[in-house]
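Report on one structure; see the data block that follows.
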Amino acid sequence: MQKKVALTGIKPTGELHLGNYIGAIKPAIELSKAPQFSSIYFIADYHALTALKNGPKMKEYIYKSAATWLALGLDPEQVIFYKQSDIPEIFELSWILSCHTSKGLLNRAHAYKSIRDKNIEAGIDPDTDINMGLYTYPILMTADILLFHSNVIPVGKDQIQHVEIARDIAQSFNSLYGETFTIPEYQIADQSSVLIGVDGRKMSKSYNNTLPIFSDSKTLKNIIFKIKTNSLPPEAPKDPDDSILFSLYKEFSDESQVHKMRERFYKGIAWGDVKKELLATIEDYFRDSRNKYFEYLNDTAYLDSILKTGAQKAREIASKSLKDIKNKIGTV
Ligand code: ADP
Ligand code: TRP
């Protein structure tokens with residue numbers, strides 16, 4: 001059986017949070033256990049560089065990302081796991097693809113466009129704070145995807161447009177040079193898979209509203225107890241579907257627990273009790289992986305060796321693909 005390739009990356013721009021877990025890491029790890037897939041997952045450090053300009057922090061977040069993936073169940077024997085910057089072929093392909101991508105396509109890319117629109121709204125130069133890395137970000141992501149003939153890209157909803165751009169670029173390259181690239185498809189965890197942050201917006205490192213997966217108990221407690229609730233008294237019936245606490249609780253509980261919590265909301269429950277239960281639930285859910293996380297994090301030599309082995313495996317595939325591409329464009 002020809003296995004399908006599942007590929008995804010996460011930027012090391014901060015502590016990975018529960019939204020990253022629900023939207024990307026959990027589905028990706030599940031996929032890596034399915035026999036019909038071969039999985040390729042990576043730390044997108046050169047994508048992070050569009051925003052993070054601090055060497056020591058970059059290093060720290062790369063190790064934390066690697067430790068997070070491993071602690072949450074990524075098996076480096078089964079999955080090719082590497083750091084993006086260790087694969088020079090990606091950057092060579094990125095240039096090749098740049099020469100085949102219209103500027104107009106990138107003008108519409110939302111990460112760039114939303115900053116530009118904000119600048120225009122603020123009446124300042126539209127290009128303020130926009131570096132070329134941010135602008136060409138979707139091309140680098142396309143190179144990540146196409147180089148490995150990826151079929152399925154497990155990502156959160158906000159990444160759909162990027163995968164669509166990769167499809168466009170692959171299709172136009174194929175029609176110019178003949179069948180070269182596999183056309184990738186995105187896979188979204190499920191329709192309601194955008195996890196809400198502590199302020200009610202999408203949980204995101206850029207909004208400072210996250211619950212880091214492996215924060216210590218005290219920090220987790222502080223964050224959860226600061227989540228805003230309405231001022232209804234304990235005995236008043238409450239709407240679970242209008243509660244940040246419930247939306248988090250249901251992601252980490254089984255069906256019967258969710259059902260019971262729903263009933264308690266309808267009957268009336270004190271917000272303090274919901275917070276306590278949420279804290280206990282999240283702690284329980286990640287208890288085993290938390291211990292592993294700190295073990296991995298203390299052994300950076302091991303993390304280096306895992307990423308190095310992953311990069312060697314990835315480069316074997318990448319160099320073959322790149323040779324074929326260079327052949328098509330006529331440079332070899
Ligand atoms: P952030 O917004 O925190 O910077 P990233 O852009 O690095 O997160 O996202 C890494 C992966 O995690 C992507 O696949 C993204 O779609 C997913 N993701 C991020 N935040 C959430 C969220 N709140 N809910 C679901 N998935 C998310
Ligand atoms: N852009 C993705 C994000 O912000 C990270 C990423 C980089 C990625 N390259 C990728 C995701 C390739 C999937 C496939 O989350």
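General observations
- Backbone amide hydrogens, once placed in the peptide plane, bring Q187 within less than 5 Å of I153, V155, excluding anything fewer than 5 places away on its chain.
- Fraction of accessible area attributable to carbon and sulfur, the chain (%, probe 1.4 Å): 51 percent
- Residues of type aspartates and glutamates that K326 reaches as a straight line, Cα spacing below 19 Å, ignoring anything fewer than 8 places off in the same chain: E89, E92, D144, E179, E316
- With Cα atoms as the point set, region 47-90 shows a radius of gyration and Dmax of 11.9, 33 Å.
- Peptides 270-280, 120-130, 74-84 ordered by average Cβ neighbours within 10 Å, highest first: 74-84, 270-280, 120-130
- A convex hull fitted around the alpha carbon atoms of the chain yields 152 Å³ per residue.
- About its Cα centre, region 196-332 has a charge dipole of approximately 660 debye under the convention of +1 per Lys or Arg Cβ and -1 per Asp or Glu Cβ, with nothing else charged.
- Over the chain, accessible surface divided per residue gives 50 Å², non-protein components excluded, 1.4 Å probe.
- Gap separating the Cα centres of region 55-73 and region 192-262, nearest whole Å: 25 Å
- For the chain, relative contact order (Cα pairs under 8 Å, six or more residues apart, normalised by length) works out to 23 percent.
- Karplus 3J(HN,Hα) series, Hz, for region 151-162 with 6.51 cos²θ - 1.76 cosθ + 1.60 (x for Gly, Pro): 9, 10, 10, x, 8, x, 3, 5, 9, 4, 4, 5
- q = 0.13, 0.22, 0.25, 0.27 Å⁻¹: log10 I(q)/I(0) that the Debye formula gives for region 233-300, counting C-alpha atoms only: -0.43, -0.88, -1.06, -1.18
- Backbone amide hydrogens, once placed in the peptide plane, bring S38 within less than 5 Å of K4, V5, A6, excluding anything fewer than 5 places away on its chain.
The values are calculated or read from the model by the stated rules, or taken from the named source; none is laboratory data. Bear in mind the structure is a predicted one, so any value in this text is a computation, not a measurement. Cβ atoms come from the backbone with ideal geometry, glycine included; neighbour counts cover every protein chain shown. SASA here: full protein model, heavy atoms, side chains in, ligands and nucleic acids out. Shrake-Rupley method; radii C 1.70, N 1.55, O 1.52, S 1.80 Å.
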